[in-house]
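Working notes for the structure below.
Just so it is clear, none of the values below were taken in a lab; they were calculated from the coordinates. A quick note: this is a predicted structure, and the numbers were derived from the prediction, not measured. Cβ coordinates were reconstructed from backbone atoms using ideal geometry, including for glycine residues, and neighbour counts include every protein chain displayed.
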Amino acid sequence: MADNIKKDAAAEVREFLSTRRARLTPQQAGLPVYGGKRRVAGLRREEVALLAGMSVDYYVRLERGNLGGASDSVLEALAHALQLDEAERTHLYDLARAAAPSGRRPTATSSRIRPTFMRLLDSMTEVPAYVRNARFDILAANALGRALYAPVYDSPLFAQRGPVNSARFMFLDPTSKDFWTDWDKGADDAVAFLRTETGRSPHDKALTDLIGELTARSGDFARRWARHDVKFHRSGVKNLHHPLVGDLALPYEAMELPSDPGLRLNFYAPEPDSREREALGLLASWADTGTAARAAND
């Protein structure tokens, strides 16, 4: 088991560094290009070594997966040479820590929503909000959040297994392309976030199982997974199509919960006088009516 983990970690380092190297041209790196046809589109290993100020042999060792003994100065030099962004740089450090001789202890991820936080979530009546973990399991949502994500909650995928998982819905339910109007971007972001999480939590078996399932069952996921892209998922705009209120462009924020490792609060907050705000008001009325109807039937 330990040997397999080490092999997986080395493969992750090798693929990450080689894909970052392949996407960067000599011109982008500020290197001279002489005549003759290049066999690789991106940088050669010796060019990365030159930019990072290290020997070719040492860089080759690093790219083969031997990041465990690399110092912070070496990692910084690599990040600079490969022009890594913040998420990629953080991922490089995560991979180095995972490859260290002591290994990486499993990250303790909470799966329980504390009652005080659940009360806070329920008090957010004007914005859709939900809490998910790093595997995209939606662990709790307020009434408007459940109403907004009704197509996800109603998916047959979750009729006999839980919890609701937006990554499974995105890649395994064909109707997800109706719900996310910018499906390709959403799919790219989801895979990049999961790749980031594998660096943070390389021993998370549930995460590994999810990735294995999606890779085996979805060609769209497998192609994106092979790119080794990483990304932070903090804020932006989600373009959704709700079956009741139509197209929505919803600004969102995603915040990690310091007291609950691995959990994130996501909420959508459109402008006060926007069409989206009006649509969410209609959706909230529908959600309240549906709740009252269910209570009457109980």
**Q.** Stokes-Einstein D for the stretch 42-96, Kirkwood Rh over Cα pairs, 37 °C, 0.692 mPa s (µm²/s)
**A.** 296
Q. What does the charge add up to near Arg23, with Lys and Arg as +1, Asp and Glu as -1, over the other residues with Cβ less than 11 Å from its Cβ?
A. +1
Q. Which aspartates and glutamates, on any chain, are close to Lys238 with Cα under 16 Å apart, when same-chain ones fewer than 8 places away are left out?
A. Asp178, Asp182, Asp184, Asp188, Asp189, Asp247, Glu253, Glu271, Glu276
Q | Semi-axis lengths, Å, the chain, gyration tensor of Cα atoms, sqrt of 5 times eigenvalues | A | 41, 21, 17
